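Here's the structure, in structure tokens; my notes come after.
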Amino acid sequence: MRLRTLAIALAAGAAAPHAFAQEDAPHPGKAVYDASCASCHNDPLNTPGAERAAPLSVLRNTSSTELRASLTGDGIMAPMAAALSGEQLDQLVTWLTAEQKAATVEWDRALLCEADNRTVNVSAANGMTYFGADLKSTRSLSAADAGLSASDLANLEIDYAIGIPRAQSLGVGVASLGDTAFVNSGGKLLALDADEGCARWIYDGGGSRTTPTIAEINGKTAIVYVTGRGDINVVDAATGQQIWKATGLPENGVGSVRGGVIVHNDKVIVPISASGVASGMNPTFECCEGHGAVVALSAADGSRLWEYHTMEDAEYNGLVSPTGVKQKGPSGAPIWAMPTIDEKRNAVIVTTGENTSMPATETSDAVISIDLDTGEQNWLFQAMELDVWNMSCRSTDADSGPNCPWQFDEANIGRDFDFGGAAILVRTKGGLFGIGARDILLAGQKSGHIWALDANNGEVIWSDRVGVGSPLGGNHWGIAADPETQIVYG
Ligand code: HEC
């Protein structure tokens, strides 16, 4: 009884449309919204370049804590709110949250299981312990481990649904161990009894955008996940008690973690994504400076072992936007996905996204092998060069914002053709007696390509373009491979 019982539908809190009290004097926060936010958030689906933005109804159902986190510091919308005074920001958040009821504050406590059901059986058989299902990121579970067969798929029903109040989106996957599902949303990590839908324990770690990973740490079965921009939380899976917490950000403090972490033997491997792709939309932002990196921490206590960077730190690059704003670079090549471990070659494999400002680097849209002991690069395969793009770029030069890198260099063909998902390590079957079997890495790109690379050196063995691709399409979410049938699902 494992994933079968995991038919959990987690809904972000109901986003009912809000009627505005038109007869009252307009709230000052509405004026701030109209001037600074409405152009993208009123009708995002019909606003080219803003399709990823949440509509106003969702913003109005987001907690003030989440709104402030997005609008300040390193939040993705901080550049959009940079020109606001503290008072305007307060007015904006007050207006956005004005119609929310306070009753949901204790929502998590109400989910607690009965007192005799508040410990997780950590010796239960594994289910989905990583985002990629295993160190090789195959995303493939045996029917026995899944507790599901292909014929069950037609008969699944929703068992129960939990609405997480004021959460903007769930945006992360679930890890499972026996009949416990570890779910991370609304600022809490919940160990849910998958049959009953009640919480065996609740860990109050704060906001998070990463999927939990299950691993053995200091002799305990632990949940490892990231809160804030890059705080690694290691939590005892049996009890929900913290084992350690440490920053996983690189020493320059830039970036944030989006893909889950992976744990191998004595190391926690943290993929670092970059800020800049959304900030580029702000015409006054000196675009851009964040870049991808990998940080290895000691699994015992979170101390830092090594860092790998996809490029040098950004500097002013001599370019000035049409509206007179100095540009910085190089930047980008973020690592969005949980890394893959190649145990045989003692390597960690990461996939990267595009550059976000000039100059282009050879590490963007790439698959990179890094030595697990030293953090040195073993090899690099770049699928697409000169892909310099940020969210100021629209469908044509004419409607793009001043920070769109296309305008600075004719050769730049920026299309946002990242690798969004992890590379998968597979051993091919070979011929008679397995002769010719080899280890290959499969990676799906947003261009629609699937690449098969030699795990020894990153050389291309084959590639196929299975779709036309787009910034929000192609192989975006990731691919899966079945080690038995050797079929790749793109
Ligand atoms: C130029 C267009 C644009 C403007 C102006 C803009 N936004 Fe956004 N906003 C977006 C897009 C696009 C996203 C989605 C970014 C992503 O996740 O890739 C977004 C995301 C958000 C999010 C979710 C952030 C997160 O952390 O996931 C919030 C909250 C938000 N915007 C609030 C605001 C507010 C409040 C304002 C006004 C101060 C504002 N935005 C102005 C385009 C815009």
Point to revise | Considering residues of region 38-49 that are open to solvent by 60 Å² or more (accessible area, probe 1.4 Å) and in a loop (DSSP other than H, G, I, E, B) only, the residue modelled with the highest pLDDT | key: N42
Check your understanding: Residue check: is A154 outside any loop (DSSP other than H, G, I, E, B) and at pLDDT 90 or above?
Key -> yes
Check your understanding: Would you say A124 is within 16 Å of the ligand (Cβ to nearest atom) and either surrounded by fewer than 19 Cβ atoms within 10 Å (Cβ to Cβ) or assigned to a helix (DSSP H, G or I) (or both)?
Key -> no
Point to revise | Qualifying positions in region 455-487 - touching a strand residue (DSSP E or B) at 6+ places or on another chain (Cβ under 6 Å) and open to solvent by less than 20 Å² (accessible area, probe 1.4 Å) | key: A455, G458, N475, I479, A481
Point to revise | Pairs with Cβ under 8 Å, 6+ apart, first in region 25-36 and assigned to a helix (DSSP H, G or I), second β-branched (V, I, T) and near the ligand (Cβ under 9 Å from one of its atoms) | key: G29/V93
Revision key, fill the gap. Considering region 399-448, residues that are away from the ligand (no atom under 16 Å from the Cβ) and hydroxyl-bearing (S, T, Y), and then whichever is surrounded by the most Cβ atoms within 10 Å (Cβ to Cβ), we arrive at S447
**Study point:** Matching residues, region 279-322, being more than 30 Å from I217 (Cβ to Cβ) and part of a strand (DSSP E or B)
**Key:** E315, Y316, N317, G318, L319, V320
Check your understanding: With S321, S303 as the choices, which residue is open to solvent by 10 Å² or more (accessible area, probe 1.4 Å), over 22 Å from the mean Cα position of the chain (by Cα), among the polar types (S, T, N, Q) and more than 26 Å from N456 (Cα to Cα)?
Key -> S303
Point to revise | Sole residue being open to solvent by 80 Å² or more (accessible area, probe 1.4 Å) and away from the ligand (no atom under 14 Å from the Cβ), chosen from D108, D134, D116 | key: D116
Review point. Just for region 50-84: of the residues that are more than 21 Å from the chain's Cα centre (by Cα) and in a helix (DSSP H, G or I), which one is farthest from the ligand (Cβ to nearest atom)?
Key: S57
Review point. Only one of A31, A25, A35, A69 is more than 18 Å from A98 (Cα to Cα) and either out of contact with any helix residue (DSSP H, G or I) (no Cβ under 6 Å at 6 or more places or on another chain) or surrounded by 16 or more Cβ atoms within 10 Å (Cβ to Cβ) (or both); which?
Key: A35
Exercise for review: Mind counting the residues in region 328-360 that are buried (at least 24 other Cβ atoms within 10 Å of the Cβ), in contact with a Pro (Cβ under 9 Å, 6 or more places away or on another chain) and within 20 Å of S256 (Cα to Cα)?
Suggested key: 17
Exercise for review: Examine region 240-253 for a residue that is within 16 Å of the ligand (Cβ to nearest atom) and either under 21 Å from the mean Cα position of the chain (by Cα) or open to solvent by 20 Å² or more (accessible area, probe 1.4 Å) (or both), and state whether such a residue exists.
Suggested key: no
Point to revise | Leading residue by the ranking (nearest to the ligand (Cβ to nearest atom)) among those in region 85-105 that are at pLDDT 85 or above and open to solvent by 60 Å² or more (accessible area, probe 1.4 Å) | key: Q88
Check your understanding: In region 391-418, which residues are more than 24 Å from I479 (Cα to Cα) and within 22 Å of the chain's Cα centre (by Cα)?
Key -> M391, S392, C393
Check your understanding: Could you say whether any residue in region 359-375 is within 16 Å of the ligand (Cβ to nearest atom), under 22 Å from the mean Cα position of the chain (by Cα) and outside any loop (DSSP other than H, G, I, E, B)?
Key -> no
**Study point:** Condition broken by D416, with the remaining ones in (1) closer than 21 Å to T340 by Cα; (2) touching a Cys at 6+ places or on another chain (Cβ under 8 Å) satisfied
**Key:** (1)
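A quick yes/no check of all residues on (1) surrounded by fewer than 16 Cβ atoms within 10 Å (Cβ to Cβ); (2) among the acidic types (D, E):
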| residue | (1), (2) |
| --- | --- |
| D145 | no, yes |
| S149 | yes, no |
| L156 | yes, no |
| V174 | no, no |
| G178 | no, no |
| A181 | no, no |
Revision key, fill the gap. Residue hits (region 222-235; open to solvent by 20 Å² or more (accessible area, probe 1.4 Å) and not in a loop (DSSP other than H, G, I, E, B)) are D231
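The values are calculated or read from the model by the stated rules, or taken from the named source; none is laboratory data. Quantities reported herein were computed from a predicted structural model and do not represent experimental measurements. As a convention, Cβ positions derive from the backbone with ideal geometry for all residues, glycine included, and neighbour counts pool all protein chains shown. Areas reflect the complete protein model, heavy atoms only, side chains present, ligands, DNA and RNA absent. Shrake-Rupley method; radii C 1.70, N 1.55, O 1.52, S 1.80 Å.
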